[in-house]
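Everything below concerns the one structure shown next.
Values in this text are rule-based calculations from the coordinates and carry no lab data. Since we're looking at a predicted model, the values are computed, not measured. Don't worry about glycine lacking a Cβ; one is built from the backbone with ideal geometry, like all the others, and counts go over all protein chains shown.
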Amino acid sequence: MNPRKRADEGKLAPILLREISGLADPPLRFMEVCGTHTMSIFCSGIRSLLPEGIELISGPGCPVCVTPAGEIDRAIALSQLDGVTLVTFGDLMWVPGSSTSFHQEKAMGGDIRVVLSPLDAVEIAQEEHGRKVIFFAVGFETTSPAIAVAVKEARRRGLVNFYLLSSQRLIPPAMRALLSTGRVRIDGFILPGHVSVIIGRGPYLFIAREFGLPGVITGFEALDILEGIYMLLRQRREGRAEIEIQYRRAVKEEGNQRALEVMGEVFEPVDARWRGLGLIPESGLILREEFAGMDASRAFVIPCEDKADPPGCLCGEILQGLKSPPDCPLFGKRCTPEDPVGPCMVSSEGSCAAYYKYGGGQ
Amino acid sequence: MCLGIPGKIVSISEDHLAEVDFGGVRREVSLLLCPEVEVGGYVLVHVGFAIQRLEKGEALETLKLFKEIEESYLESTQEGG
């Protein structure tokens with residue numbers, strides 16, 4: 001970060017906080033949907049700086065956290081098959097399935113590899129042509145276009161040993177499901193910046209139109225988040241419920257059309273199960289029929305039974321904004337970043353990890 | 001997981017790949033999802049792909065808004081004595 005920006009932050013943050021105090025009409029609960037926002041909010045101490053009665057709650061916006069243990073189990077079971085190399089993002093390595101994790105399996109000799117880009121998985125398949133390379137693809141709309149490009153690249157190269165186990169999810173259907181339950185009171189949304197780079201503003205309009213709630217697509221610097229909260233409060237003060245874009249330097253009204261096209265070419269929506277939220281219609285992505293030959297869930301018989309999420313773990317309620325991490329009896333005791341029980345403690349963007357690391361932002 | 005990192009494009013090759021500078025660390029990045037970029041411009045990079053060109057104009061607009069907030073604050077404090 002350049003020094004000028006730091007100086008601006010030091011000067012402007014107190015001013016924005018003062019404006020926020022002037023507009024605030026507590027009690028108000030704003031939900032930040034995205035895990036990257038959760039970390040940024042904790043890291044910058046914003047929660048403790050806001051006027052009393054303005055509460056920020058974390059939503060289901062960390063792909064690692066919302067993946068049910070059963071899906072991790074399926075990927076692990078695939079990695080145990082002869083001749084299989086399982087490839088995934090580093091975030092997944094420590095996430096516990098119902099009995100083991102990728103990290104433990106790798107330690108026991110499993111061929112499990114971490115990549116930074118889905119294209120790296122294609123490279124591995126090309127190099128290891130004697131093995132079946134399965135990419136366990138987890139992510140939201142930010143990541144899915146890159147995964148779609150990798151699928152097309154594997155096809156272009158004529159690889160017959162590249163497979164995808166898709167565990168991708170879509171954010172707007174999850175927000176609809178969350179709002180439809182009516183179980184948690186939310187007065188506005190700090191909407192995810194990087195998912196919105198891809199999908200734009202349109203897919204969130206239902207939040208304002210059907211549920212009468214304001215939302216602001218927000219960037220990740222502390223000043224961005226403060227401005228996002230300021231914009232939410234201004235909407236409320238003026239009696240508006242709209243979806244606004246604070247993160248204009250990166251988010252276009254229409255999103256990234258090229259990314260949406262490639263995503264639509266390769267994937268189609270499917271009902272998907274979310275940890276804590278259950279089965280949500282059309283909230284996941286599977287390969288289209290044209291690419292079905294690469295679909296690991298079709299190409300392999302997966303020797304795995306569906307098991308429940310770990311007992312006592314409140315990640316499900318935490319992801320819905322119903323509970324806070326310290327409410328969980330396992331938090332900080334049986335469940336720590338070194339020995340996690342639930343995914344919200346494992347992921348660097350999980351609410352439990354943020355609470356553990358930053359002490360609840362106090 | 002949805003982390004996006006801004007970087008500056010150093011060079012672009014014919015096969016839609018760019019060398020991008022992230023504050024001193026240089027990495028190869030695919031431009032397939034964001035082809036309309038130029039050397040010297042900034043992009044937001046996620047899992048090895050540029051996903052959006054960062055708009056200088058919009059960044060300046062944000063700074064202008066911050067400036068306005070600052071000015072309105074200074075005015076209000078002067079009025080309030």
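The table below gives the values:
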read-out	value
Of A:Lys307/A:Lys333; A:Lys252/A:Lys333; A:Lys106/A:Lys323; A:Lys11/A:Lys357; A:Lys152/A:Lys323; A:Lys106/A:Lys333, those spanning more than 32 Å from alpha-carbon to alpha-carbon	A:Lys252/A:Lys333; A:Lys106/A:Lys323; A:Lys152/A:Lys323
Rounded if a/c under 1.5, otherwise prolate or oblate - segment A:74-118, Cα gyration tensor axes	oblate
Amide H within-cut-off set for A:Gly215, under 5 Å, with H built and near neighbours excluded	A:Phe189, A:Glu242, A:Ile243, A:Glu244
Sequence-separation-based contact order of segment A:244-362, relative, with Cα cut under 8 Å and 6+ spacing, percent	14 percent
DSSP-loop GluC sites (Glu not before Pro) across segment A:276-355, with at most 16 other Cβ within 10 angstrom	A:Glu305, A:Glu338
Shape of segment A:191-264, Cα gyration tensor, a/c cut at 1.5	oblate
Sites matching trypsin sites (Lys or Arg not before Pro) across segment A:219-254 that sit in DSSP coil, with at most 16 neighbouring C-beta atoms within 10 Å	A:Arg240
Shape of segment A:238-362, Cα gyration tensor, a/c cut at 1.5	oblate
Tail weight of P(r) past 15 Å, computed on alpha-carbon pairs of segment A:290-358, percent	58 percent
Cα-based Kirkwood hydrodynamic radius, segment A:9-140, one decimal, Å	17.7 Å
Environment charge at A:Val266 (Cβ cut-off 12 Å; Lys +1, Arg +1, Asp -1, Glu -1)	-4
Segment A:85-190, relative contact order [Cα under 8 Å, separation at least 6], %	26 percent
Percent RCO, i.e. relative contact order, over chain A, from Cα pairs under 8 Å lying at least 6 residues apart	23 percent
Per-residue mean of C-beta atoms belonging to partner chains within 10 Å, peptide A:137-149	4
Phi to ³J(HN,Hα) by Karplus 6.51 cos²θ - 1.76 cosθ + 1.60 over segment A:152-167, Hz, x for Gly, Pro	5, 5, 4, 5, 4, 7, x, 6, 10, 10, 9, 10, 10, 9, 7, 10
